Amino acid sequence: MDDVSFDVYDGEIFGLIGPNGAGKTTTMECVEGLRTPDHGRISVLDLDPFRDTYKLQDRIGVQLQEAQLQKRIKVKEAVHLWASLYNKKTSEGDRLLEQLGLADKRNSWFMTLSGGQKQRLFIVLALINDPEVVFLDELTTGLDPQSRRAIWELVRGIRERGKTVFLTTHLMEEAERLCDRVAIIEHGRIIDMDTPERLIRRYCPERTVVLAAADPTAEARFRSMPGVEEVAAHDGLITIRGSGEHLVTEVIQCLSENRIHVTDFRTILPNLEDVFLKVTGHSIRD
Amino acid sequence: MLRGLLKLTWVEIKIFFREPLGAIGTVVTPVLVFILFGWLGTHIVPERSLAAGPGLRIDVPVFAAVLIAINAVLSLVAIMAIYREGGILKRLRATPLRPQTILTAHVLVKLILTAATLTLALMAGKRYYPVGADVPLVGFGFALLISTWSILSIGFLISSIVPTARFAQPIGAVILYPMLVLSGLFFPLDGLPPALRALTRALPFTYSVSLLRGIWHGDSWAMHVGDVAALAIVFVICTALSAKVFRWE
């Protein structure tokens, strides 16, 4: 890790995003007190994760990447065990199991749960002490799209209960839909940090409009518009690339002024994935 | 944190019995071996003491007790390695649970199982080893707990170092069984060459066997203060070392 520095605000969902091996988990484990950094200072809830590890652990909830429980521990045993480890007396266990759709799995062994169920159980365990900050490391990796969406909904629910969420992900869609702010990390360095919208506006101001128009004059008209950088026609589809938020409006105005008949119209907006490509020079999947 | 310790210990005991092979290996096998020896002793060897040949002498109860202890240690080594490899230790560590508490829970589980296995063995073997008033059972159980506790710390040290679960049990066996051979259980140590004899003095089993055998045969505890002290030293050294080298993941 190289000079990583960031603040996470109360009540937000903060995401550390980057490819595998970028240092997301290492950073998170330092903040949780599971790993000791070589140098630097970390403060969580006004506690030092190394000196006050147990005090801190008592007030946070943690979900680790690729964690397991004892194969033959029952769901309810895990929940009761975890509940007994924290100072705060809590009777949340059953309600959480209910809420995360695990109520009918109370007597099942951990090894018999599906990937999604295990992940949801880990969320229950991370929330069992009514923590002030929740850490979620690659929460939805390996889950099908449906479970993934269900879990996103849960994470939003955590924020609505006034908790702070600190998560890592290499899924840009997840970060964009879930996070209030993200930090892009690569090779142990934070490249930039902001809300997803602002990052997109900053790095990827370009807009793309794709439309289907039979009018032979259309292409030339788009080409002469201000802000347009590239117009390409292919198979009856015209792709217009340009920058600035006004591009879409201007295209629509142009269509209407010239009474160009359009049979299809869509806009392509850049996303965090494009931002990542722009700032690192390569795709997150490389 | 006592609540967490007791809860974890109880959960681990339940989990242990849900794994049939582990339970059979740790609890049933020693009991069966104990009975088998007893049966052999009464039916094959007339003197019932299993003095199979000159120089070879086995106190079956002591042998069974040590076997129980070794089983407990090997199973501890395996469980620790599996828990580490599977990320279970790490997940437990990301709670206010202290490392010592997690380890203590596992030691407690093994001690409880050791005591239970010994009780079972003695009950099952009553026919062959009539336990008279001259055998201080409570004392013997206590001696076994001290021995196991001490040998468990060697197990900790092994499980702190072994890289993967696959190696844990074989490495444990390779380290423990030779110690057992040189423990004085099978042949008297007095006849060994000086170098080997010095080596046996460095091995904890020597002291467990001496302690267990002594107590079984009615020695007073005062005669075995040295054994207990040696076992305590082994415990302290191994615990300190494993605290230094223990890896959570």
By residue number, the members of segment B:203-243 that are without any contact (Cβ under 8 Å) to a residue 12 or more places away in the chain and open to solvent by less than 70 Å² (accessible area, probe 1.4 Å) are B:Asp219, B:Ser220, B:Ala229, B:Ala240
Working only within segment A:174-230, note down all residues that are open to solvent by less than 30 Å² (accessible area, probe 1.4 Å), among the β-branched types (Val, Ile, Thr) and under 30 Å from A:Asp7 (Cα atoms). A:Val182, A:Ile184, A:Ile185, A:Thr195, A:Ile200
Tell me whether segment A:61-72 contains one or more residues that are at pLDDT below 90 and surrounded by 19 or more Cβ atoms within 10 Å (Cβ to Cβ). yes
Mind checking whether some residue in segment A:120-129 is touching a His at 6+ places or on another chain (Cβ under 9 Å) and at pLDDT 90 or above? no
For segment A:205-234, give me each residue that is modelled with pLDDT of 90 or more, in contact with a helix residue (DSSP H, G or I) (Cβ under 6 Å, 6 or more places away or on another chain) and within 30 Å of A:Ala183 (Cα to Cα). A:Val209
Residue hits (segment A:35-62; within 9 Å of chain B (Cβ to nearest Cβ) and polar (S, T, N, Q)) are A:Thr53, A:Gln57
Please verify whether segment A:238-254 includes one or more residues that are in a helix (DSSP H, G or I) and more than 35 Å from the chain's Cα centre (by Cα). yes
Checked segment B:65-110 for anything out of contact with any strand residue (DSSP E or B) (no Cβ under 9 Å at 6 or more places or on another chain) and basic (Lys, Arg); matches are B:Arg84, B:Lys90, B:Arg93, B:Arg98, B:Lys110
Scan segment A:203-224 residue by residue and report those that are in a helix (DSSP H, G or I) and touching a strand residue (DSSP E or B) at 6+ places or on another chain (Cβ under 7 Å). A:Ala218, A:Glu219, A:Phe222, A:Arg223
What's the number of the condition B:Leu76 fails, among (1) in contact (Cβ under 8 Å) with a residue 60 or more places away in the chain; (2) within 14 Å of chain A (Cβ to nearest Cβ); (3) part of a helix (DSSP H, G or I)? (2)
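Residue-wise test of (1) among the small types (Gly, Ala, Ser); (2) touching a Gly at 6+ places or on another chain (Cβ under 8 Å).
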{"site": "B:Leu120", "(1), (2)": "no, no"}
{"site": "B:Tyr128", "(1), (2)": "no, yes"}
{"site": "B:Ser153", "(1), (2)": "yes, no"}
{"site": "B:Phe156", "(1), (2)": "no, no"}
{"site": "B:Arg166", "(1), (2)": "no, no"}
{"site": "B:Ile175", "(1), (2)": "no, no"}
{"site": "B:Phe187", "(1), (2)": "no, yes"}
{"site": "B:Pro194", "(1), (2)": "no, no"}
Can you name the residue in segment A:97-137 that is under 17 Å from B:Gly86 (Cα atoms) and assigned to a loop (DSSP other than H, G, I, E, B) and, of all such residues, is least open to solvent (accessible area, probe 1.4 Å)? A:Leu113
Just give me the residues in segment A:243-254 being open to solvent by less than 80 Å² (accessible area, probe 1.4 Å) and either without any contact (Cβ under 8 Å) to a residue 12 or more places away in the chain or on the phi > 0 side of the Ramachandran plot (or both), in sequence order. A:Gly244, A:Thr249
Evaluate segment B:168-177: report whether one residue or more is within 17 Å of B:Ala81 (Cα to Cα), touching a Ser or Thr at 6+ places or on another chain (Cβ under 9 Å) and at pLDDT 85 or above. yes
Taking the condition within 12 Å of chain B (Cβ to nearest Cβ) and outside any loop (DSSP other than H, G, I, E, B), does A:Lys88 pass? no
Which members of segment B:1-30 meet the condition of being more than 10 Å from chain A (Cβ to nearest Cβ), in contact (Cβ under 8 Å) with a residue 60 or more places away in the chain and either open to solvent by 20 Å² or more (accessible area, probe 1.4 Å) or under 25 Å from A:Lys89 (Cβ atoms) (or both)? B:Thr9, B:Ile13
Log entry, pairs with first residue in segment A:15-31 being over 11 Å from A:Met1 (Cα atoms), second being among the small types (Gly, Ala, Ser) and open to solvent by 10 Å² or more (accessible area, probe 1.4 Å), beta carbons closer than 6 Å, six or more apart or on different chains, reads none
Regarding A:Asp38, is this residue in a loop (DSSP other than H, G, I, E, B) and either more than 21 Å from B:Tyr83 (Cβ to Cβ) or within 20 Å of the chain's Cα centre (by Cα) (or both)? yes
Scan segment B:1-42 for residues that are within 30 Å of A:Tyr54 (Cβ to Cβ) and hydrophobic (A, V, I, L, M, F, W, C) and jot them down. B:Met1, B:Leu2, B:Leu5, B:Leu6, B:Leu8, B:Trp10, B:Val11, B:Ile13, B:Ile15, B:Phe16
Determine whether A:Glu77 is of a type in the set (Asp, Glu) and either open to solvent by 40 Å² or more (accessible area, probe 1.4 Å) or more than 8 Å from chain B (Cβ to nearest Cβ) (or both). no
Considering only segment A:268-275, I want to know if a residue exists there that is open to solvent by 60 Å² or more (accessible area, probe 1.4 Å), outside any loop (DSSP other than H, G, I, E, B) and in contact with a strand residue (DSSP E or B) (Cβ under 7 Å, 6 or more places away or on another chain). yes
Do we find a residue being out of contact with any strand residue (DSSP E or B) (no Cβ under 6 Å at 6 or more places or on another chain), touching a residue at least 12 places away in the same chain (Cβ under 8 Å) and not in a loop (DSSP other than H, G, I, E, B) anywhere in segment A:63-73? no
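The values are calculated or read from the model by the stated rules, or taken from the named source; none is laboratory data. Keep in mind it's a predicted model, so treat the numbers as computed, not measured. When we count neighbours, we look across all protein chains shown, and the Cβ atoms used for this are built from the backbone with ideal geometry, even at glycine. Note: areas computed on protein heavy atoms with side chains; ligands, DNA, RNA excluded. Shrake-Rupley method; radii C 1.70, N 1.55, O 1.52, S 1.80 Å.
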